[in-house]
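Q: Quick one: this structure, given as structure tokens, is what I'll be asking you about.
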Amino acid sequence: MAIDYQERILGTNIDPRSLLSTDYFNHFNEVIMLFGMLPDMPDMLDDIDQWSLQSYGEHFAASGLAFAPLAIELYPLAPEKLRASLEKLIEQMAMMIIETRTALRQAYEAGETAKFLELATLGSMQLQSMVDAGGAIVHGHDAMLDQDGINKLF
């Protein structure tokens, strides 16, 4: 990593070790918030159905953040192990959202209120744990990088 990048990331939310930013997880925080609102506002399930995964680059391109172009530029320069772990986690998060929203829709349409509430709460908690794991990856903590660590989230 050239010193140029170290200087350019000053004042941004880009981690100097990984060259990644936790701001990407704002994309998932939206769904966490929606899962959390479902017990009181089940109609928010329609908003969860509309959510779609954005790649790291897509998220930053649409974010409006001042450092977004730099985040996009540095992504391919992030250490391969960190980037691969992050991408695997993102894939798992997306699948978890799809599976949970499908189960939520089925419970809602079947009138299974208790199951619906449980799925919403569990979905929010699991996704938050995954975001926390993603933050650890972004900050270069190897403890969250192995498959066993990711599997323990489930």
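A short reminder: the numbers here are calculations on the coordinates, not readings from a lab. Keep in mind that this is a model prediction, so the values were computed, not measured. In this analysis, Cβ positions are derived from the backbone assuming ideal geometry, glycine residues included, and neighbour counts consider all displayed protein chains.
Q: Pop a pseudo-label 7 angstrom from the Cα along the beta-carbon direction at both M95 and H139 and give the gap in nm to one decimal.
A: According to this spin-label approximation, the distance is 2.7 nm.
Q: For n ≥ 4 DSSP H runs only, could you compute -39500 (n - 2.57) per run for the chain, divide by its residues and tell me the 222 nm figure to the nearest 500? Mind showing how you got there, number by number?
A: Working: 8 runs with 100 residues, N = 154.
Rounded to the nearest 500, it is -20500 deg cm²/dmol.
Q: Any idea what the dipole of the chain comes to, in debye rounded to 20, about its Cα centre with Lys/Arg Cβ at +1 and Asp/Glu Cβ at -1?
A: For the chain, the charge dipole is close to 300 debye.
Q: What percentages make up the Cα-Cα pair-distance distribution of the range 1-110 when the bins are 10 Å wide from 0?
A: Values per bin, smallest distances first: 13, 39, 27, 16, 5, 1.
Q: Cut-off is 10 Å between beta-carbons; in what order do S21, S52 appear when sorted fewest neighbours first? Each step should come with its number before you reach the end.
A: Numbers: S21 26, S52 10.
Taking fewest neighbouring Cβ atoms as first place, the list is S52, S21.
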